[in-house]
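Q: Can you keep this structure in mind? I'll have questions shortly.
The values are calculated or read from the model by the stated rules, or taken from the named source; none is laboratory data. All values derive from a computational prediction rather than experimental measurement. Neighbour counts are summed over all protein chains in view; Cβ atoms, including those assigned to glycine, are modelled from backbone coordinates with ideal geometry. The protein model used for the area step is the full one, side chains on, heavy atoms only, and it has no ligands, DNA or RNA in it. Shrake-Rupley method; radii C 1.70, N 1.55, O 1.52, S 1.80 Å.
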Amino acid sequence: MSERGPDRQDANAAAVSARLRAILVGSIGNLVEWYDFYVYSAFSLYFADAFFPGDDPVAQMLSASGVFALGFFMRPIGAYIFGRIGDNRGRRAALMLSVLLMCAGSLIIALVPTYASIGAAAPALLLFARLLQGASLGGEYGSSATYLAETATPERRGFYSSFQYVTMIAGQLLALLVLLILQNFALDDAALRDWGWRIPFAIGALLAIVALLMRRDLAETPAFEASRGDPSVSSLRALLAHKRETMTVVGLTLGGTIAFYVYTTYMQKFLKLSAGLGATETTWISAGSLLFALMLQPVYGAMSDRVGRRPMLIAFGALGTLFTVPLLTAISNVRDAWSAFALICCAWLIVALYTSINAVVKAELFPAAIRVTGVALPYAATVSVFGGSAEYLALWFKAQGRESWFYWYASAAIFVSLVVYATMRDTKENSRMDAGTKREA
């Protein structure tokens, strides 16, 4: 008895340690992916005129945001390709290939000549690099969300899966940190616009290589090993057998993805172009609010393990529908940094109800054999249309003198998702992952 007790404790401790290490390594790779993707948005204020010459800063940002949006349209393609790899070849293979593709995209942007050097070929190469990164992210989301959910224990699945958005936000926060360092300690504005904007993309390419090396040692999840598929079977055909779950992913993603991109990639431009705050000031505000959002994710994720996923989604839908227009209107009218920071943090108290748990909800909808594709493809299709276009639409409405129309558009999209939340089952209590675990045990 005395020997079995310590042995069992050692085995449990080893299992917990292995699970935490797998989640840590998977999360770090996800962080690098999202840093590489978001650094484009963080630094577009400095390189937009290098690829899109002109005198109107709003028009330049509109062009740069258009390339950002087009990158999103590669995400469904990446989701399908990497979904098939993840479901048939393994989660680890998909995770490694996705970060390798992101590395290639960042390296191209770091080295591409400007419009003044090669003319129209410059924005064309910029777009090509963004398409590579879009395909990479299309595969990364489903693979990492599935890996984190399958690695976690059922009673803490919401908490562990919340690190999907912890690392997404941390990636953007790291991009802003690099921007703050370059703005305040390393380079002046002229140098940043001339060549300094290339530095963060070079850093991203190096970080992607580090993440690739770390992911080599990731162990496959038991769920994948128990449901290893036939590579000749079409993931898309298998997904069509789960139409209800697929449409649920589309509906629950619609409002949440618009809200997420409004308060992340677009907010820095919104503060500068609409509220009239300075570039450095907007960077500090964005960084501080993102840090606040990052801390909310595991708190809300753990809360969902106690109260369920559906009540939190309904709370996001209801509050987002009611307060999106007032919050964005108030932010556009602020004239000091602290007021803007407080209002954005209020918004994150609402948005984090979605971001913290949406990945685990999607994973719990599908069986293991189709889980990566089921999580990735309908999500990527929805994000490519609504998330990727959010910043572009906001700037277009602003250019037309109808900026407030975008606020109502975002609010309406969240309401559509609220209808889905109110009619869907709670995936915590009806998880396909638990059913698979019981069969495999």
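Q: Quick one: check the C-alpha center-to-center distance for segment 157-174 versus segment 343-396, whole angstrom.
A: Using only Cα atoms, the two centres lie 13 Å from each other.
Q: Find out how many positive minus negative residues lie around Phe51, taking Lys and Arg as positive, Asp and Glu as negative, among other residues whose Cβ is under 14 Å from that of Phe51.
A: Around Phe51, the surrounding residues sum to +1.
Q: Shifting gears a bit: Just to be sure I understand the model, the point goes 7 Å from the Cα along the line to the Cβ. What's the resulting Leu236 to Arg402 distance in nm?
A: With each label point 7 Å from Cα toward Cβ, the separation is 3.5 nm.
Q: Over the Cα atoms of segment 90-171, how large are the radius of gyration and the largest Cα-Cα distance (Dmax), in Å?
A: So, for segment 90-171, Rg and Dmax equal 16.7, 57 Å respectively.
Q: Using only DSSP helix segments of four residues or longer, with each worth -39500 (n - 2.57), what per-residue ellipticity at 222 nm results for the chain after dividing by its residue count and rounding to 500?
A: That calculation yields -26500 deg cm²/dmol at 222 nm.
Q: Using only the alpha carbons, work out the radius of gyration and Dmax of segment 252-404 in angstrom.
A: 16.2, 52
Q: Okay, next question. Taking the chain as a Gaussian network, Cα atoms linked when under 10 Å apart, which of Leu132, Leu45, Leu213 shows the biggest mean-square fluctuation?
A: Looking only at Leu132, Leu45, Leu213, the biggest GNM fluctuation is shown by Leu213.
Q: Once you place label points 7 Å from the Cα toward the Cβ at Leu100 and Val250, how far apart are they in nm?
A: Each label point lies 7 Å from its Cα, and together they span 3.3 nm.
Q: What does the extension gain come out to for Arg306 and Thr280, with contour length at 0.36 nm per residue minus their alpha carbon separation?
A: 5.3 nm
Q: Using Cα pairs closer than 8 Å and at least 6 residues apart in sequence, work out the relative contact order for the chain, in percent.
A: So the answer I get is 26 percent.
Q: Which lysines, on any chain, are close to Lys398 with Cα under 21 Å apart, when same-chain ones fewer than 8 places away are left out?
A: Lys269, Lys272
Q: Still on this model: Which of rounded, prolate or oblate describes segment 325-397 when judged by the alpha-carbon gyration tensor and an a/c cut-off of 1.5?
A: It is oblate, given that a/c is not under 1.5 and a/b is not larger than b/c.
Q: What ranking do 251-262, 184-195 get when scored by the average of other Cβ atoms within 10 Å per residue, highest first?
A: Taking the mean over residues of other Cβ atoms within 10 Å, the ranking is 251-262, 184-195.
Q: Related question: Can you give the extra length, in nm with one decimal, that the chain gains between Ile209 and Thr423 once fully stretched, where that is 0.36 nm per residue apart less the Cα-Cα distance?
A: 72.7 nm
Q: According to a simple spin-label model (label point 7 Å from Cα along Cα-to-Cβ), what is the distance in nm between Asp189 and Ala124?
A: Taking the simple label geometry, Ala124 and Asp189 are separated by 3.4 nm.
Q: Of all accessible surface on segment 73-229 at a 1.4 Å probe, what whole percent is carbon and sulfur?
A: Carbon and sulfur together cover 70 percent of it.
Q: While we're looking at this one, here's another question. Would you mind telling me which residue in Arg91, Arg228, Arg75 has the biggest mean-square fluctuation in a Gaussian network model of the chain, where springs connect alpha carbons within a distance under 10 angstrom?
A: Sorting by GNM fluctuation, first place goes to Arg228.
Q: A further question follows. If the cut-off is 19 Å between C-alpha atoms, which lysines fall inside it for Lys243, apart from same-chain ones fewer than 8 positions away?
A: Result set, ordered by chain and number: Lys362.
Q: In segment 279-307, whose amide N lies under 19 Å from the spot 7 Å out along Cα-to-Cβ of Trp338? List them in ranges.
A: Within reach of a label on Trp338, which here means backbone N under 19 Å from a point 7 Å along Cα→Cβ, segment 279-307 contributes 281-290, 292.
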